[in-house]
Amino acid sequence: MAATLSLLKLKLPITPKISPQSPIPKLQNPSISAKLTNPKDPHFPDPLNLFHQNIDTLKSASLSLSALTLPFLLQPKDALAVGGEFGILEGRSFALIHPIVMGAFFFYTLWAGYLGWQWRRVRTIQNEINELKKQVKPTPVTPDGKPVEAPPSPVELKIQQLTEERKELLKGSYRDRHFNAGSILLGFGVLEAVGGGVNTWFRTGKLFPGPHLFAGAGITVLWALAAALVPAMQKGNETARNLHIALNALNVLLFVWQIPTGIDIVFKVFEFTKWP
């Protein structure tokens, strides 16, 4: 704006200062360049002085207009909830990232739990098969040593059923899929849990200790503890496996309990912030 007004001022005609008593000079020569270079005319101003005067006037006008418009250019936008120091990070768009991502992580946690349970089923079903095999009676034989043909016993039928089920479960690659899902939850979950608190500070300049904050901190800690048990689980430690399941079950309960308070915060975001 300052530059535009300065250019407008530059285009205005500049009239030399002439006292009331001085007669207005008459241009007898239509050639302007000749009069500008005529040093004998006492009433016509010096072109060099006019040039310096115009430059000084432009500088003065530009500085004045810049000082006048600078506060408006630097004024925070309506979308910024605090003071505007962090720009769009204080707006509604970034504030809604946390609830959207964490809502997706809630369902992803359930999916990871399902994958883990299926992998546990692969392991436990083999234990069942091993126990059933101990109950199978030896096949009767004839006096000459030939096995007697007989229909399979209920125990043998159960073994066949569990064996087929285990084969189908192995095709699902549940072990690797559960490990990958848990890694994603640990990495991005912790990142977004911390990011939610940082975003609250961006928007309000402080944090709000309460159920939502404490439950989120608890979920983050449970993610880390459950992941810390993985090395012992890979070595076959059944206690570590059971504790891993218990920690993740508690994690889901905290997640469910945290949803209502999260929805209340989303309503406050729409109330106190604007786009972007």
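Values computed for the structure shown
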quantity: Qualifying residue in the stretch 253-262 (condition: within 18 Å of the chain's Cα centre (by Cα) and either in contact (Cβ under 8 Å) with a residue 24 or more places away in the chain or assigned to a helix (DSSP H, G or I) (or both)); calculated: yes
quantity: Top-ranked residue of the stretch 201-220 - restricted to ones that are touching a helix residue (DSSP H, G or I) at 6+ places or on another chain (Cβ under 9 Å) and touching a residue at least 40 places away in the same chain (Cβ under 8 Å), ranked as surrounded by the fewest Cβ atoms within 10 Å (Cβ to Cβ); calculated: 210
quantity: Out of 128, 156, 165, sole residue that is without any contact (Cβ under 8 Å) to a residue 40 or more places away in the chain, surrounded by 12 or more Cβ atoms within 10 Å (Cβ to Cβ) and within 51 Å of the chain's Cα centre (by Cα); calculated: 128
quantity: Meets criteria (more than 21 Å from residue 104 (Cα to Cα), part of a helix (DSSP H, G or I) and touching a Ser or Thr at 6+ places or on another chain (Cβ under 9 Å)) for residue 175; calculated: no
quantity: Per-region count, the stretch 221-239, residues surrounded by fewer than 18 Cβ atoms within 10 Å (Cβ to Cβ) and part of a helix (DSSP H, G or I); calculated: 12
quantity: Flag if residue 189 is touching a His at 6+ places or on another chain (Cβ under 8 Å) and within 30 Å of residue 91 (Cβ to Cβ); calculated: no
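None of the figures in this text is laboratory data; all of them are computed from the coordinates on show. Just so you know, these numbers come straight off a predicted model, no measurement behind them. Reconstructed Cβ throughout: ideal geometry from the backbone, glycine too, with neighbour counts over all protein chains shown.
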